[in-house]
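Here is the structure we will look at, set down as structure tokens.
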Amino acid sequence: MTPSPRSRPVPVSVVVLTFNEERNLGACLESVAGWAAGVFVVDSGSTDTTVAIARGHGARIVSNPFVTHARQWRWALETLPLTTEWVLALDADQQVTAQLRDEIADLVARGTDANGGFVKRRQVFRGRWIKHGGYYPKYLLKLFRRAAVSVDDTELVDHHFTVRGRSLKLQGDVIEDNRNEAEIATWIAKHNRYAVLQARQEVTGGASAMAPKPFALADSPDTRVRRMKQVWARLPLFVRPCLYFVYRYIVRLGFLDGREGFVFHVLQAFWYRLLVDINIAELRAAARFEASERDKVGISNP
């Protein structure tokens, strides 16, 4: 997936976050080698060959301790010496397709009044492209003008970029294929950690707990996701993972993704969401117990 040679690099800076990504980073950097004007790798203390791989691909390496993905991205965009107007933000397990590279190059060359670009994520799980279950196309805001972007650093699990003004939907894909998760135990361990954080985030409330607004055709992909999260937050615990799995696997034809798709949709649509709900129930029970204990103390010490 090495880009074809160009007379001049595209005036876009690529930023990649890493931590022990030796299995993924080479393919990621090869997909933008010789194409981007600058490539920055923000590492959070890798103990494998990640830094050596980044150096071998000519990337500029910067270190910063990891707290959350959202905070790491905010730090990167505020701190890195970016010299281009446009930034392409990648995860280490993502690769840019030739179609997307050409599309971004044409967009930057001809100019646009938009400040961001949503790209399609092509999810690969255990060697299989997950095409169904409503999982493709999944639009992610990956391209943006650095002067117009912001990051909500209160998120505990994921990160979301927001840009002022208009955004475009691009036709090219990024391929997401996390080779660190080739062993299913690794995938499960990571999502077990995420489930705890996701539960904390949902219990503390925020925008997802607000009453959902009606969907509109003009909504951006991110706006639609926020609306769906608001609906999700109001559904009963333990019921919603069941409904979501049926929707993904039956209604949205996830069963067409074969054996790997069955494993993916069961784990990602049902098991992970169920684990989040279990953690939410535990957090709420602990909060009720603490409140009850405080009330007892207040009664015994008028």
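Potential lengthening of the chain between residue 138 and residue 196 amounts to 18.4 nm, from the contour at 0.36 nm per residue minus the alpha-carbon distance. For the residues 293, 78, a 1.4 Å probe over the protein chains yields an accessible-area ranking, largest first, of 78, 293. Shown for region 1-105: the carbon plus sulfur share of the solvent-accessible area, taken with all protein chains present and a 1.4 angstrom probe, equals 49%.
Mind ordering 114-125, 146-157, 279-290 by average Cβ neighbours within 10 Å, highest first?
Ranked from most to least packed, the peptides come out as 114-125, 146-157, 279-290.
Counting only the backbone N, which residues of region 251-287 are under 15 Å from the spot 7 Å out from the Cα of residue 131 toward its beta-carbon? Within reach of a label on residue 131: 253-262. For the pair residue 284 and residue 8, label points projected 7 Å from Cα toward Cβ lie 5.9 nm apart.
Take region 1-130 with all the other protein chains still there, run a 1.4 Å probe, and you get 44 Å² of accessible area per residue.
Derived scalar couplings between HN and Hα for region 234-247 equal 9, 7, x, 4, 6, 7, 5, x, 5, 5, 5, 5, 4, 4 Hz in order, rounded to whole Hz, by the Karplus curve 6.51 cos²θ - 1.76 cosθ + 1.60 (θ = phi - 60°), x for Gly and Pro. Between residue 47 and residue 239, the modelled labels are 4.6 nm apart [label points 7 Å from Cα along Cα→Cβ]. Taking every lysine pair in the chain that is 8 or more places apart or spans two chains, those with Cα atoms closer than 28 Å amount to 23.
The values are calculated or read from the model by the stated rules, or taken from the named source; none is laboratory data. Please read all numbers here as calculations on a predicted model, not as lab measurements. Reconstructed Cβ throughout: ideal geometry from the backbone, glycine too, with neighbour counts over all protein chains shown. Protein only, heavy atoms only, side chains kept; ligands, DNA and RNA dropped before computing areas. Shrake-Rupley method; radii C 1.70, N 1.55, O 1.52, S 1.80 Å.
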